[in-house]
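Reviewing the structure listed below.
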Amino acid sequence: MKKPTIAVLFGGRSPEYSVSLQSAHAVLCNLDPDKYTVLPVGITRTGQWFLYTGPYEAIPQDHWHEDRTHLTPVAVCQDRAVRGLLSLAGQTPQPIALDGVLPILHGKNGEDGTVQGLFALAGIPVIGCGVLASALCMDKDRAHKLAHLAGVDVPASLVLEPGTDPQAAVAFARQTGYPLFVKPVKAGSSYGISQIHREEELLPALELARQYDDQVILEETIPGFEVGCAVIGTQNLMVGEIDEIELSGGFFDFTEKYTLKTSAIHVPARVDQATAQRVKETAQVIYRALGCAGFARVDLFLTPQGRIVFNEVNTIPGFTEHSRFPGMMKAAGLTFPEILDTILGQVIHL
């Protein structure tokens, strides 16, 4: 039987470009070449698409695009009869048929529904969340509203549209109390996020958030700690063991997420079985409410009183060997290659 051909996308026009390189490297190294024909497709910071045939080790250091002999320019073919890419190396474009595409792209222009829509138009199956779920989960405000309608607790918040008087933020902060989070509505990996403790920190935090999105959301700080739940599936869901983020102070910002300098991740979380089950059930409610499919990581807060509060959904979570999603699934008994086989198996039938 012919092996299915899978394109793995990495890089992208996003502040999270470097994170994507790390995740994609781990994915490419753990996809079984006896089961799949894997085509790494790198997207540069400027938006050029290349089929990459060089060593995987050059990807995480961002050297993959330096040797042009390993690069073939490609584009997504919108002719559904092709269902694949077009090689643009010669004078006549040549089709490259695909059985599916696995985007390992974090943040804007990859995790927000844009790439998913591109492949949907071309009739190429995307492994993971589709256009609507990807867009909704990237939008913190709309994701919270839908989760709340599904019966899940969410933080008190205020969204500032472009041109909104900053005094509205001042009034919300005074009413809600400090500390507060100031976040871009649509961004990932904690880019542009500040936790503020005094009014004089508010305006600089708004300016920082606006560097990543023109909409800004203010959220109350939820006491307790963050827990996460890895979910795989569409109709029938598989969940990993929940994890727990232990902080020594501050919040789980970009530095802590990728270095764990002063924080730790515990898998399984240090909670009783009944609480863990409630977290898993809440994560599944959110996953379904937002229309997720394939896989995602649902992040929540657990308060000292046992209240579970929604934080966000990552539709393309980190996939390094040390990332939270594979860590939670490993704690549930799946190796990294088995995690990938399970995810791909929902679309690609071996």
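The values are calculated or read from the model by the stated rules, or taken from the named source; none is laboratory data. Here the structure is a predicted model, which is why all the values come from computation and not from measurement. Counting neighbours? That spans all protein chains shown, and the Cβs are built from the backbone with ideal geometry, glycine included. The area values use the complete protein model at the heavy-atom level, side chains included, leaving out ligands, DNA and RNA. Shrake-Rupley method; radii C 1.70, N 1.55, O 1.52, S 1.80 Å.
A few points about this structure:
- Test: P155 is outside any strand (DSSP E or B), touching a His at 6+ places or on another chain (Cβ under 9 Å) and touching a residue at least 24 places away in the same chain (Cβ under 8 Å): yes
- Cβ separations smaller than 6 Å between residues 6+ apart or across chains give the following pairs from the stretch 325-339 residues that are outside any helix (DSSP H, G or I) to residues that are open to solvent by 20 Å² or more (accessible area, probe 1.4 Å): A332/E241.
- Long-range neighbours under 9 Å by Cβ, at least six apart or interchain, first residue within 22 Å of I222 (Cα to Cα) and in a loop (DSSP other than H, G, I, E, B) within the stretch 287-299, second modelled with pLDDT under 95 and open to solvent by 20 Å² or more (accessible area, probe 1.4 Å): none
- Elements of type strands (runs of 3 or more DSSP E) contained in the stretch 19-100, each with 1 or more residues being in contact with a Phe, Trp or Tyr (Cβ under 7 Å, 6 or more places away or on another chain): 37-43, 49-52, 71-76
- Residue check: H144 meets all listed conditions (1) surrounded by fewer than 19 Cβ atoms within 10 Å (Cβ to Cβ); (2) in contact (Cβ under 8 Å) with a residue 60 or more places away in the chain but one, namely (1).
- If the condition is being touching a residue at least 12 places away in the same chain (Cβ under 8 Å) and under 22 Å from P4 (Cα atoms), then the stretch 94-113 contributes P95, I96, A97, L98, D99, G100, V101, L102, P103, I104, L105.
- Restricting the stretch 264-299 to residues that are among the charged types (D, E, K, R), farther than 15 Å from L146 by Cβ and within 19 Å of the chain's Cα centre (by Cα), the residue that is surrounded by the most Cβ atoms within 10 Å (Cβ to Cβ): R297
- Of all the criteria given as (1) touching a His at 6+ places or on another chain (Cβ under 8 Å); (2) open to solvent by 40 Å² or more (accessible area, probe 1.4 Å); (3) small (G, A, S), the one not satisfied by G42 is (2).
- Residue that is least open to solvent (accessible area, probe 1.4 Å) [pool: residues in the stretch 128-139 that are touching a helix residue (DSSP H, G or I) at 6+ places or on another chain (Cβ under 6 Å) and either assigned to a loop (DSSP other than H, G, I, E, B) or farther than 21 Å from Q78 by Cβ (or both)]: C137
- Here D213 fulfils each of the conditions (1) touching a residue at least 40 places away in the same chain (Cβ under 8 Å); (2) in a loop (DSSP other than H, G, I, E, B) apart from (1).
- Count - residues of the stretch 322-341 that are within 16 Å of V8 (Cβ to Cβ) and either open to solvent by 40 Å² or more (accessible area, probe 1.4 Å) or over 15 Å from the mean Cα position of the chain (by Cα) (or both): 5
- The lone criterion from (1) modelled with pLDDT of 90 or more; (2) of a type in the set (V, I, T); (3) under 30 Å from E321 (Cβ atoms) left unmet by V185 is number (3).
- Test: residue in the stretch 308-321 that is at pLDDT below 95, open to solvent by 20 Å² or more (accessible area, probe 1.4 Å) and in a loop (DSSP other than H, G, I, E, B): yes
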